[in-house]
Each structure stands twice: as structure tokens, then as C-alpha cells.
Amino acid sequence: MTKSMRKAIALCLFSMGAVGLMAQSNEFKIDVQRPGAPIQSTMYGIFFEDINFGADGGLYAELIKNRSFEFDNPFGGWTPFGNVTVQTKNPCFDRNPHYVRLSYEKELTGTGLDNEGFKGIGIRDGEKYDFSLYARVQSGAPVKLRINLVNSQNDLYEEKVIEVSGKEWKKYTVVLTPGATEAHSRLRITMATKGTVDLEHISLFPQKTFNNRPNGMRADLAQALKDLKPGVFRFPGGCIVEGTDKATRYQWKNTIGPVENRPININRWNYTFAHKKFPDYYQSYGLGFFEYFQLSEDIGAEPLPVLNCGLSCQYENHDPNENCPVDKLQPYIDDALDLIEFANGPVTSKWGKIRADMGHPAPFNLKLLAIGNEQWGSLYTERLEPFVKAIRAKYPEIQIVGSSGPQSEGEDFDYLWPEMKRLKVDLVDEHFYRSPEWFLNGAKRYDSYDRQGPKVFAGEYACHAPNRENSFLTALCEAAFMTGLERNADVVHLCTYAPLFAHVDAWQWRPDLIWFDNLSLVKTPNYYVQQLYGHNAGTNVLPLTMQNEPVTGQNDLYATAAVDKKTNELIIKIANTGIRHKKVKLNINGLSAGKHKGTLTLLHSSDLEAKNTLCNPSGIIPIISDIEIEAPEAEVTLSPLSFSVYRFKL
Ligand code: AHR
């Protein structure tokens, strides 16, 4: 985009700036003595979906693609050489029955197979990697296998040898220490001695996973989640909850127990976009519901699972046979009830015992459950109703989240909200992937919401500029919009940006909060907006007005104030979407007269199109400085195009 186009966007979007400057008298009245609605500890959270290779190839630290040879093309991700065949007879794992047979009976010309990982395998010098496979030999003699990590020029980084013996399946492990850093290495397994050997579930994990969990998460990506201080963690989606049809819907029971025997599922983002097909995109479910609950605990977020309501994706599938009839919903409802037992039940219960056997006897203390993702019409409500009845009857303490459909307004939305009230769900999930203008106007959205009905879960949102990039423009619009979420914390209880992750070489959807390659990540400006809200949530909303009105765009300002009763601090968040500096007089009732020290955290860029990239990850980052104000009437100067968070001790 040219400089003049950028200027045009800025002027058009933020046109009130100049007018505002002339008539400008920005005086915020804040009342510290009248704390209002509590801000839920769950308010600012994260949404996870296995889209953009967010799970396999992303957060889930497994480095081997198609480790069980279960893709529709069993050699997907693998390059066999020599005599390698796919077998299913007497498998090691009944729910993942495919395995490979390597035979070398004559002169050694080379028999084995390479794995390409997820657009390569990322390895680091100084780190250790746990290699494992299940194997057996066909005849009596043991077979030696060479295990290598190689780069794209076939240079060897590492070589270890495993000797397979016996006709029964056994697990073999070896630690690889490649001594090199490379984002696109490959794993190679080669027969080093004659014989016939069967191989299954070939796995490579960094030893260093987040919190050192076995079968764990990629440390840097999980740490980035923790660094958001998320209050809630929505999982596993998104459209992936629905799949495309009944067969491909997300079924949580397939995602627990030994990873080797979790049946894989095609990922609907494999084929959803005709112009962005990823035939190698499947869900291994290595990051399943146990790992999800554990990760929620590790990062301090309340889990919020979303379950299929008995409908296939209403966008993609119009075949009524792919929806479960209402009178046959019981297995789906049982899935919901059983999930609650898996999370919270005693170790003596059926599903609580499975949780305990997986290593977590203590309950996960699940409190929230969503039924249905982006569903609409009576098809949805007539299915949601029996879920609500059954969950209320057995687990009245669980808060149920219903959906308002994929749109932020319109016919389906207008139908669903009254229905959600009728069904008395606790929260309603709203989604908005909308323009910068919509986000700025949206700062007022919840000021007039019904206070009597269910609460709002802004469950998927992101500002979409025409180029669909994570520019500073979109982050600033989200910051402005979120002042309206916080000001209305009595009705908005949860919010989660979406999607969360994207692999730079394998994405289907953008913008996204965090981008990564096989070795590193970049936090977008949007990430920092979420982080600033997460770290500065406060405990209660405070009244903040300018000329007796909430600040929702007057003079290009958007603002909210909160008190943190735990730290005894006043927190003021202000987005200035204008292109000039702005002086704001802070008239703070209840703040003792005199000087108050505090901090200003500033997110700013003079270029609305600016982005953070893997090469320049710190282009736009929050900068913290110490400041001092004089109460009760202080003045601050806001940078143009900025989001400022002030904190003062009361
Ligand atoms: O976040 C990407 C997709 O957007 C989600 O899967 C879906 O719920 C929404 O349409």
C-alpha cells in the first residue's frame, strides 16, 4: 500500500481528529469512590482452534507428521525409499491400524523413510529430542535401524542406532542431540542390517516442552499464552467442533487415553478453502482434552470447552442426514455429561478414573461449557434445549454458553438472542470478524444491552482490514472496541480474540494473534492489546465520562477506567485514534490530593500499516514508563494513534 493510501485510510477512519482538535476540551470525570460492576477474572481469555496448523505443527510439540501412517495417503509426510509397504495385519494399535514394513533381504541399496515434519522439523543446537517408535521383526534375527536428522542438503546432523528384536511389538527410544539449529530438517530412518521390520507411531519430541510435560506443548508458544494472563481458555474451536459432517465432527472421547491409540481425524481446514488446500492437514489429537485441561491449569485460565450440538457445519453441509435427529441426541448429550465427569468427577467415577489414570486425580474444576459453535435457526435451538435440560438436571453449577450464530447482527442473531433468553443459558457467544469502522462504532455496542438476560461471551473477534493483515490499525481498533467490553463488564463476562495461532508457511485464515515458524514466533500488535487488557483488567469498573457521556469516540477517544481492589490501584485505558496529540484532563474524584506516582504503558505506531514480523518482532511493543500526576485534577498528553494504560496507586 502506498503512503498516500495509508494517509487516506487514516484520514477517513480517524477524520474526527482535526475537528476534535479545534473544539477540543477533553476532560474525563472518573469516580474512584463509586466502584461498579465486577470485572470477571475470566474476562480476557484465549480461543484455540486447530486452524493454521495451530495444534499439530504448532502448539503440540510433536515434530513428526503422520506418525501413525493414518492419513488417507498413509505415506503423507513420508518419503519411503527401498522396499517399504503399508500394512494393517496384527497392528500395534487397533484404532490406528496402519504401520509400515521395511524389508532388506538382498544387497543394501537403502531401505527406509524420511519424514518432512510440518514444513520441516525445527531443531536447536544444545537441545535434546526424544525419538521413539514401536517395532517388531518378522523373522528371528534382530534388525538395526539408523536414526538420522538431516538438512535439506542431506548433511547429517545426528545419527543413533536402534536394534529391534522379537516378533512382538515393543517401544524403542533414543535421545537425539543434533548439535545444530535448523528450521527445516528431516528425520530419516534407514535399515542398517538385513531383515524385515515393522514400524509404527514414530515420534520425535523436544525434551524441553512447556512445564516439561510429556506429550507436551511447544515451550515458546505455550509461554506466549501464559504471558497473556488469560482468564479463560476456549477449546477446541471454532468450526472444527462441527467438522464438515457427522463423521468429521470433534469427538472429545477420541482425544484421551494413550496418544498412540487416539484415532486421527481429517482437519476440516484441510479442504475448506478451495484456494488454500492442505492435503496434509489432519488432527492427531495428541493435544486432546486431557492436555487441554492441564494446559489451562498451567497457564491459569478457566477451561471453556465447546461441544458439538448434533449439527454439522451449517455453512458447508446442507444434507439433513448429516444432522443428528433431535430424538437421537442422547449420545451427544452423554458426551457433554461425561466430559463434565471427566473434568470434575471423583476418581471412583468412570470418567474421573480415566482422568486420574492419565495423571491428574484432582478435578480440573470445570465451570463453563458451550454447546454448539456457529449454529443458527431452530435447527440449533431445538437441539440446544435438551442439552440445557440434561446439564441443569445433573450439573446445575455448570454455566452453559449458547450461540448467537456467526453474525454480529441480522436475522439469525435477532432470532437467537431471545431464544437464548428463553432457554436461560448463562452466556451467549457472539462472533465478529468486522471492519475497522465496525470496531470503532462497536465501542458503544454493549452500552444499551439488556441487563436482565444472559451475559455476553465475545467468543471470536478480530478486526479485519481489507488486506486481512495484523496491522497496527486493526490492533488500535480492537483496543478502542475493548473499552466498551470493559465498561460493560456487568453484561460482558468473557472475550476471546480469534484465531490464536498461524504457521507462516501453512495458514488458512488471517489475521491471527500469534504467528510462528518451526523455531520462533512473533507477537502481533493485536497480541499486545490483548495482553494489556489481560494484565490490567482490574476488579471493578469505575464511572468514566466526558461531558456526562461514556467516551466512545468523541474527539477520537475511547476510554474505560477500573479499580484493582487487590492492588489498590486506579487503571485508565485510553485509545486515541486521532492523528494528533491530545491533552486529557483527568478529574478523579476520590483520589487523595497531591502527587501520585504511576506507570504509563504505551502501544503506539505512527504507521497504521505497521506490523511485527518474524524478522522484526519488536517493531510495535508496549513501552512502560514511570509517570506522576497531581490529583484531583491532572493532565495527561496522549500520543497520536496510541493505546495508553495508566496505573496509579490510590
Ligand atoms: O476463527 C476462524 C473461524 O471463524 C472459526 O472456526 C469459526 O467459528 C468462525 O467462522
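Numbers below:
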{"read-out": "Residue within region 526-542 that is in a loop (DSSP other than H, G, I, E, B) and either polar (S, T, N, Q) or free of Cβ contacts under 8 Å to residues at least 40 places away in the same chain (or both) present", "value": "yes"}
{"read-out": "Residue within region 467-482 that is in a strand (DSSP E or B) and in contact (Cβ under 8 Å) with a residue 24 or more places away in the chain present", "value": "no"}
{"read-out": "Qualifying positions in region 233-252 - within 16 Å of the ligand (Cβ to nearest atom) and either among the basic types (Lys, Arg) or closer than 25 Å to Lys208 by Cα (or both)", "value": "Phe233, Arg234, Phe235, Pro236, Arg249"}
{"read-out": "Any chance Val491 is within 16 Å of the ligand (Cβ to nearest atom) and aliphatic (A, V, I, L, M)", "value": "no"}
{"read-out": "Selection status of Leu586, of a type outside the set (Gly, Ala, Ser), assigned to a strand (DSSP E or B) and crowded, with 18+ Cβ neighbours inside 10 Å", "value": "yes"}
{"read-out": "Single unsatisfied condition, Ile299 versus (1) touching a helix residue (DSSP H, G or I) at 6+ places or on another chain (Cβ under 9 Å); (2) within 16 Å of the ligand (Cβ to nearest atom)", "value": "(2)"}
{"read-out": "Test: residue in region 367-376 that is more than 27 Å from the chain's Cα centre (by Cα) and among the charged types (D, E, K, R)", "value": "no"}
{"read-out": "Those residues of region 24-53 which are outside any loop (DSSP other than H, G, I, E, B), out of contact with any Cys (no Cβ under 9 Å at 6 or more places or on another chain) and either within 16 Å of the ligand (Cβ to nearest atom) or among the basic types (Lys, Arg) (or both), in sequence order", "value": "Lys29, Ile46, Phe47"}
{"read-out": "Filter pass, Ile64 being β-branched (Val, Ile, Thr), at pLDDT 95 or above, in a loop (DSSP other than H, G, I, E, B) and under 26 Å from Thr193 (Cα atoms)", "value": "yes"}
{"read-out": "Selection status of Thr348, out of contact with any helix residue (DSSP H, G or I) (no Cβ under 8 Å at 6 or more places or on another chain), more than 16 Å from the ligand (Cβ to nearest atom) and over 24 Å from Phe48 (Cβ atoms)", "value": "yes"}
{"read-out": "Inter-residue pairs, beta-carbon under 9 Å, first closer than 18 Å to Phe472 by Cα and in region 509-524, second away from the ligand (no atom under 14 Å from the Cβ) and modelled with pLDDT under 95, 6+ apart", "value": "none"}
{"read-out": "Some residue of region 359-371 being within 16 Å of the ligand (Cβ to nearest atom) and either surrounded by fewer than 17 Cβ atoms within 10 Å (Cβ to Cβ) or touching a residue at least 40 places away in the same chain (Cβ under 8 Å) (or both)", "value": "yes"}
{"read-out": "Qualifying residue in region 273-282 (condition: within 29 Å of Tyr172 (Cβ to Cβ), part of a loop (DSSP other than H, G, I, E, B), touching a helix residue (DSSP H, G or I) at 6+ places or on another chain (Cβ under 8 Å) and not charged (D, E, K, R))", "value": "yes"}
{"read-out": "Residue in region 295-308 that is buried (at least 21 other Cβ atoms within 10 Å of the Cβ) and of a type in the set (S, T, N, Q) present", "value": "yes"}
{"read-out": "Selection count, region 99-117, where residues are on the phi < 0 side of the Ramachandran plot, part of a loop (DSSP other than H, G, I, E, B) and either in contact with a strand residue (DSSP E or B) (Cβ under 8 Å, 6 or more places away or on another chain) or at pLDDT 95 or above (or both)", "value": "4"}
{"read-out": "Residue match in region 136-153 (condition: at pLDDT below 95, over 35 Å from the mean Cα position of the chain (by Cα) and hydroxyl-bearing (Ser, Thr, Tyr))", "value": "yes"}
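Rundown of residues vs (1) under 19 Å from the mean Cα position of the chain (by Cα); (2) under 22 Å from Gln375 (Cα atoms); (3) part of a helix (DSSP H, G or I), yes/no style:
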site: Leu225; (1), (2), (3): yes, no, yes
site: Lys229; (1), (2), (3): yes, no, no
site: Arg234; (1), (2), (3): yes, yes, no
site: Ile240; (1), (2), (3): yes, yes, yes
site: Gly243; (1), (2), (3): yes, yes, no
site: Ala247; (1), (2), (3): no, yes, no
site: Tyr250; (1), (2), (3): yes, yes, no
site: Glu260; (1), (2), (3): no, no, yes
site: Pro263; (1), (2), (3): no, no, no
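For every residue, the table says whether it meets (1) touching a Gly at 6+ places or on another chain (Cβ under 9 Å); (2) more than 30 Å from Lys367 (Cβ to Cβ); (3) within 16 Å of the ligand (Cβ to nearest atom); (4) basic (Lys, Arg).
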position	(1), (2), (3), (4)
His464	no, yes, yes, no
Asn467	no, yes, no, no
Ser471	no, yes, no, no
Phe481	yes, no, no, no
Ala498	yes, no, yes, no
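One line per residue, one yes/no per condition, for (1) among the charged types (D, E, K, R); (2) closer than 15 Å to Val645 by Cβ:
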{"site": "His503", "(1), (2)": "no, no"}
{"site": "Pro511", "(1), (2)": "no, no"}
{"site": "Asp517", "(1), (2)": "yes, no"}
{"site": "Lys523", "(1), (2)": "yes, no"}
{"site": "Gln530", "(1), (2)": "no, yes"}
{"site": "Ala537", "(1), (2)": "no, yes"}
{"site": "Asn555", "(1), (2)": "no, no"}
{"site": "Tyr558", "(1), (2)": "no, yes"}
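Residue-wise test of (1) among the acidic types (Asp, Glu); (2) over 22 Å from His184 (Cβ atoms); (3) part of a loop (DSSP other than H, G, I, E, B); (4) touching a strand residue (DSSP E or B) at 6+ places or on another chain (Cβ under 8 Å).
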site	(1), (2), (3), (4)
Val86	no, yes, no, yes
Pro91	no, yes, yes, yes
Pro97	no, yes, yes, no
Gly126	no, no, yes, no
Arg136	no, yes, no, yes
Leu149	no, no, no, yes
Gln153	no, no, yes, no
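The values are calculated or read from the model by the stated rules, or taken from the named source; none is laboratory data. Source: prediction; values computed, not measured. Neighbour counts run over all protein chains shown; Cβ positions are idealised from the backbone, glycine included.
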